[in-house]
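Enquirer: Take a look at the following structure, please.
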Amino acid sequence: MASAAIEILAWPDVWSGYAALLTANPVVDSSQVEAMARSFIEAEIPYAEFDAGHAALVKAHCRSEASQKLADQLRQQILSTLDEAFAAYRGLQKRYRAEAIEIRHSAQIHALEAERLASSRADLATEVAQQNRLLNERSVELEALNAKLLAQRDEMAGFLYSISHDLKSPINTIQSLLAFFLEDNADRDMDVSDVENATQTASRMLSMLDNLFKFSRTLDGTDDTADVNLNKLIADIFDDLAEADPDRRPRFEKDKLPIVNGSEFQLRLLFQNLIANGAKFCPPDRMPEVRVVSAGTRGLTHTAIAVTDNGIGIDPAYHRKIFGLFNRLHAYGDFPGTGIGLALCDRVVRNHGGQIDLQSEPGKGATFIVTLPI
């Protein structure tokens with residue numbers, strides 16, 4: 001009969017185990033109940049099917065009232081375990097559904113973000129392409145402008161060279177003729193002051209042409225560069241200037257100076273002009289003093305040199321003006337010069353990728369700070 005009852009049910013193995021529990025010792029171990037409940041859960045037997053199977057097996061195996069009572073207790077234990085299991089299962093289902101909703105929502109957000117990023121990348125690519133096109137256009141314009149500036153620079157250098165070279169010959173001729181005139185009339189009682197003034201003017205013109213020639217040589221940038229020992233260079237300049245003005249004998253001093261990289265010819269022009277100006281622009285009642293010292297480094301690539309004098313000083317209003325070509329602040333009779341020296345200094349420093357600064361006030365001397373590559 002038991003076999004007949006079990007045969008009409010699905011999952012015969014599960015029900016066989018349940019039938020064994022119903023006919024076993026009335027005291028059923030809880031682990032057996034849990035194992036039986038797991039069998040029902042794994043077989044996914046619904047409650048209605050369980051109750052029908054339970055009733056069929058009780059009818060087949062449980063004749064006495066006591067056995068039926070024990071079977072009912074077993075049923076309640078199984079159902080209680082199933083309820084707990086299904087409650088946990090429903091909790092898991094609820095959590096999984098919530099997580100699935102969150103994942104779908106997150107996926108939607110990521111999809112929207114990906115779409116936005118794709119759009120942004122497309123916009124960025126368009127912007128980059130546009131900027132590259134503009135950059136290329138500007139590069140072409142800059143190359144054309146640079147070529148034009150180089151041509152103008154070369155033209156200016158050639159013009160200055162032509163002036164300084166071609167005019168020297170007639171001025172030398174004029175100066176020679178004036179000298180011959182003065183020599184021929186040295187014994188005569190006549191006023192030759194105008195001729196002497198003309199001779200001095202010719203000398204100034206020759207000096208200006210010499211400086212223009214030097215300036216023209218700096219317009220092409222730096223020539224071959226090399227390490228230049230400033231200690232030797234400055235010492236040689238001191239010797240040259242001391243011999244050029246033996247009456248006043250300016251006092252020249254220097255500290256230990258660094259080695260810099262540049263054009264020795266241009267650097268000599270630079271420091272010779274600065275030191276000569278320091279000795280020249282000094283009141284007659286004062287002994288000229290010029291000091292050249294290291295003023296520290298500027299980062300890892302440049303060093304600073306300070307040239308300080310005790311001269312008449314320069315009003316801050318003219319600190320930039322004096323670096324212009326032919327700009328002079330004093331009458332030639334007070335301080336001779338051509339107005340080219342500091343313009344040449346500025347050009348040399350810029351050719352070397354450095355800068356020149358001035359610290360000065362009237363009556364308090366001047367300090368020119370030159371920054372050069374190491």
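Rule-based calculations on the coordinates, nothing more; no lab input. Quick caveat: nothing in here was measured; it's all calculated off a predicted structure. Quick reminder, even Gly has a Cβ in these numbers, built from the backbone with ideal geometry, and neighbours come from all protein chains shown.
Enquirer: Set the Förster radius R0 to 56 Å, insert the Cβ-Cβ distance between D236 and L145 as r into 1/(1 + (r/R0)^6), and round the FRET efficiency to 0.05.
Expert: 0.90
Enquirer: Given the pairs K148/K280; K232/K280; K148/K254, which span a C-alpha to C-alpha distance of over 31 angstrom in this model?
Expert: Pairs exceeding 31 Å: K148/K280; K148/K254.
Enquirer: Return the distance in nm (one decimal) between the two label points of a simple spin-label model at R249 and D224, each offset 7 Å from Cα along Cα→Cβ.
Expert: Label-label distance for R249 and D224, simple model: 4.1 nm.
Enquirer: With the Cα gyration tensor of the range 220-373 giving a ≥ b ≥ c as the square roots of its eigenvalues, does the rule (a/c under 1.5 for rounded; else a/b larger than b/c for prolate; else oblate) give rounded, prolate or oblate?
Expert: Cα axes put the range 220-373 in the prolate bin.
Enquirer: Further question: If we count other beta carbons within 10 Å of each Cβ, what is the order of I312, I305, I369, I103, fewest first?
Expert: Lowest to highest Cβ neighbour count: I103, I369, I312, I305.
Enquirer: Which order do peptides 295-302, 275-282 fall in by mean Cβ count within 10 Å, highest first?
Expert: 275-282, 295-302
Enquirer: Taking the mean number of other Cβ atoms within 10 Å as a proxy for protection, how do you rank 258-265, 359-366 from highest to lowest?
Expert: Descending mean neighbour count gives 258-265, 359-366.
Enquirer: Is the shape of the range 222-313 best called rounded, prolate or oblate, per the rule: a/c under 1.5 gives rounded, else a/b larger than b/c gives prolate, else oblate, with a ≥ b ≥ c the square roots of the Cα gyration tensor eigenvalues?
Expert: prolate
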